[in-house]
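Heads up, the thing below is written out as C-alpha cells.
The values are calculated or read from the model by the stated rules, or taken from the named source; none is laboratory data. The shown structure was predicted, so the numbers you read here are calculated from the model rather than taken from an experiment. Note that each Cβ is placed from the backbone with ideal geometry, even for glycine, and that neighbours are counted across all protein chains shown. In case anyone asks, the SASA skips ligands and DNA or RNA and just uses the protein heavy atoms, side chains included. Shrake-Rupley method; radii C 1.70, N 1.55, O 1.52, S 1.80 Å.
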Amino acid sequence: MDVNAVMVVIFVVMIVSMLLLLYFFYDYIVYVIIVLFCIAAAAGIHACLTPLVEKIPFGMYKIPKSKSSKCAQVEVRSLVLALLSLTFCALWFVYRHEEWSWIMQDMMGVAFSIHLLKSIRLPNFKICFILLGVLFLYDIFFVFITPYFTKSGESVMVQVATGGGGAKEQIPIVLKVPRFAFSPYNVCNGVQFSLLGFGDILVPGLLVAYACRFDFKVQSGKVYYIATSIAYGVGLVICFVALFFMQIGQPALLYLVPCTVGTMAVIGWKRRELKHLWNGHRIGESTANSPIDSINTDDREVEVNNREPSDRHDNPIPSDTASNDSIPANDEEERPLIRD
C-alpha cells in the first residue's frame, strides 16, 4: 500500500488522538491496545514464518470450502502456523507480567514491525520528508513541551509509555531491553528496562525501505540503503548517550530524523539525484515512464525521434540491390543512438 500526503495527515491525527486517549483513560484503553497488539503480532509472526513453512514438503492439502464461501482455500500447514502464532501471543498475554515476558514481547514486536514495513511503502522522498518532519515535531512537543501543561510535570509521552505511577499494565508497543548494570534500586524494584517505541523503529524504517527500493531502481549498489541504515544506528546511539547524561526520557525521533533524512538528502545531492529522489516513482510504473530511469544520463534528456519512412516508400529500394552506397551520408547522424 502506497502512502500519500492525505494519509500522512490522517495517520498523525490518529496517533495524537490515541495518545491523548491513553493519557486521560489509560486504565481502560490499555487493554484495547494489548488485544490489538496480540492480533497484529500474530499476523506478523504468520507472515514472517510463511516462507519457511512453504518449504515443508507436507501439509499442502487445501481445506475444501463451501460453494457459497468467497474465501480462498487455505493449506493445512498455513492453518497450523496461524494457530501456533495465536497460541504464542496468547501465552504472552497470560504471562505478560513475568520478568522473562519481555523476550516474547520483543519477538512479537519485531515480527509486527517487519510485517508492517513490508505492507506499507512510501512512494517518494517528499512523502518521507513530510511524514518524518511532522512526527519529529510531534515527538518533541509531547516529550519536552507537555510537562509545562501537566499537573505532575511529567511529559505525556513518558507517562503513557511507562504507564504512570500506579498503573498495573503497560502498553506493549515498545521493545524492552533490560538494564544489566547493577544498582541497589534494581534489587528492591526488580529489573529495569530501556524502552524503544515502535514509532521510533517504523517511521525511520519506512525511509530506509524506500532507500532500498530506490537503490534497486537506479542500480546504485545499495548506497542509500547502507548509508541510511548506518545513520539510523548512529542516531540511536546518540539518543542513548543523551538519555544516559540527561537522565530524562528522550524523543528518539529528535536524533533519528536528522540523521536519516539528512544523510539521504546529502547523498542524493552529491550524486545529482536529489530531484529524482524527491519525486520518486510510482509503484508498478513501467521503467520507460519512470522518472528514475533518466538519472544516469547526467541530467540530460535524450530524445529518440522515429524517422518517417514516407520518403523510403516513394522510392523503394529492392532488397537485392540495396547497398551502402544507396544510404545517404547523413543517415548515421540522424539515426538515434541506442545505449544499453
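Would you calculate the volume per residue, in Å³, of the smallest convex hull containing every Cα atom of segment 1-57? Before the final figure, lay out the partial values.
Details: hull volume 4.7 nm³, N = 57.
For segment 1-57, the hull spanned by Cα atoms encloses 83 Å³ per residue.
Just to verify a number: what accessible area does residue 138 come out at with the full protein assembly present, 1.4 Å probe, Å² rounded to tens?
Here the accessible area works out near 40 Å².
Could you list the trypsin sites (Lys or Arg not before Pro) in segment 97-181 that lie in coil according to DSSP, counting only those with at most 15 other Cβ atoms within 10 Å of their Cβ?
Working: sites: 118, 121, 126, 151, 168, 176, 179; in loops: 151, 168, 179.
Answer in residue order: 151, 168, 179.
Could you calculate the FRET efficiency of residue 243 with residue 32 from 1/(1 + (r/R0)^6), where r is the beta carbon distance between them and R0 is 30 Å, rounded to 0.05? Write out the running numbers ahead of the final one.
Numbers: r = 29 Å, r/R0 = 0.97.
Given R0 = 30 Å and the Cβ-Cβ separation, E is 0.55.
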